[in-house]
1. Hey, can you grab everything whose amide H is under 5 Å from the amide H of Val73? Only 5+ residues off in sequence or another chain; H modelled, so Pro and N-termini drop out.
2. Cα-based Rg (one decimal) and Dmax (whole number) for segment 25-120, in Å?
3. Of Val99, Val39, Val49, which is the most mobile in a GNM of the chain whose springs link Cα atoms less than 10 angstrom apart?
4. Given the Cα-Cα distance of Val118 and Glu6 and 0.36 nm per residue of separation, how much length would full extension add, in nm?
5. In percent, how large is the relative contact order of the chain, given Cα pairs closer than 8 Å and 6 or more residues apart?
6. Which of Leu105, Leu76, Leu15 moves the most in a Gaussian network model of the chain with Cα springs under 10 Å?
7. What residue among Ser75, Ser44, Ile7 has its Cα farthest toward the positive end of the dipole of the chain, where the charges are +1 on Lys, Arg and -1 on Asp, Glu, each on the Cβ?
8. Under 13 Å from the Cα of Lys65, which aspartates and glutamates turn up, not counting those fewer than eight places away in the same chain?
Amino acid sequence: MASNIEIDLGPLKELDASTPPGEPSLLVEIIDAYLEESVVDEGSLRNAVASQDLKALASAAHRLKGSSANVGVKSLVGVCADLERDARAGSVPDMARRVDGLLDLLEQCRAVLRAERVAAL
């Protein structure tokens with residue numbers, strides 16, 4: 001399962017290394033923000049499936065794609081892009097299954113980020 005996880009925190013770790021001593025870790029702050037935002041995105045994706053709302057699905061997938069790219073969570077970028085593209089095209093017949101798979105992957109990525117967060121403290 002973990003073999004599907006691709007996260008590149010290199011650029012964020014480089015940025016974090018420039019944090020002055022005594023200042024909060026930028027890496028920790030960025031991971032915390034991502035973890036919080038991803039909960040909102042998860043809810044938006046679940047709501048879109050429940051209402052079969054393709055516009056809301058595309059919007060939620062787009063938001064998660066962007067925040068994942070910014071943090072280096074590469075595993076989610078392509079999955080979100082594919083889901084967003086199909087939703088904008090107007091057809092996601094296997095919406096619930098695909099979103100469930102995306103959310104499973106998201107949770108695996110969050111677990112890796114939580115571990116990275118702890119290591120950065």
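1. Close amide H contacts, sequence-distant or interchain: Asp8.
2. Rg and Dmax of segment 25-120, Cα atoms, are 13.3, 43 Å.
3. The residue that fluctuates most here is Val39.
4. Details: separation 112, 0.36 × 112 = 40.32 nm, distance 1.85 nm.
Gain in length upon complete extension: 38.5 nm.
5. Values: 118 pairs, mean separation 38.9, N = 121.
Computed value for the chain: 32 percent relative contact order.
6. Fluctuation is largest for Leu15.
7. So the residue we want is Ser44.
8. Counting by Cα, and skipping residues close in sequence, Lys65 has these aspartates and glutamates nearby: Glu37, Asp41, Glu42, Asp82, Glu84.
No value in this document is a laboratory result; all are computed from the given coordinates. A quick note: this is a predicted structure, and the numbers were derived from the prediction, not measured. For neighbour counting, all protein chains shown are included, and Cβ atoms are generated from backbone atoms with ideal geometry for every residue, glycine included.
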